[in-house]
Structures are given as structure tokens and as C-alpha cells.
Amino acid sequence: MDSKVLPTGVRYSNLPESYVRPESERPRLSEVSQCEDVPVIDLGCEDRGQIIQQIGDACTAYGFFQV
């Protein structure tokens, strides 16, 4: 994995162990159903009000969104 800068400004070559879930707790792709209507929000959109509205709508309707 490439070296990344985390919000703390510290460079890591891999994720700290506290960021990684044990394998037994990770989602199994074979158990995940397809969901084609997951809200996708373009954070690069120049209309900040639209982005805020989309995030609010996604959180209200789904509890999450995909960037």
C-alpha cells in the first residue's frame, strides 16, 4: 500500500490495526445483495446547496451514501 497521510498528518505505509476489523466481522460479499439505487453524490459539484441537500436526503432515506 502506498504511503498515505491520515488526518493527523502522520504518514503510514499501512493502516493502523485499530482501523481494521477482524476477518470474522467483515462483510461477506457472497451475502451482500445487489442494490442499484444506492445514492451516489458528486462532492465535486459546484452547487454546495445541492450537495448538502443530496447528503441529507441520502441519510434520511438510506442512512448512508456513496462518494
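The values are calculated or read from the model by the stated rules, or taken from the named source; none is laboratory data. Quick caveat: nothing in here was measured; it's all calculated off a predicted structure. For neighbour counting, all protein chains shown are included, and Cβ atoms are generated from backbone atoms with ideal geometry for every residue, glycine included.
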Practice prompt. Go through the stretch 43-64 and give me each residue that's loosely packed, with under 11 Cβ neighbours inside 10 Å and of a type in the set (D, E).
Written response: E46, D47
Worksheet entry | Residue under evaluation S33, criteria (1) at pLDDT below 80; (2) touching an Asp or Glu at 6+ places or on another chain (Cβ under 9 Å), criterion not met | (2)
Discussion item. Just the residues that are at pLDDT 80 or above and either aromatic (F, W, Y) or within 22 Å of G63 (Cβ to Cβ) (or both), please, taken from the stretch 1-30.
Written reply: R21, E25
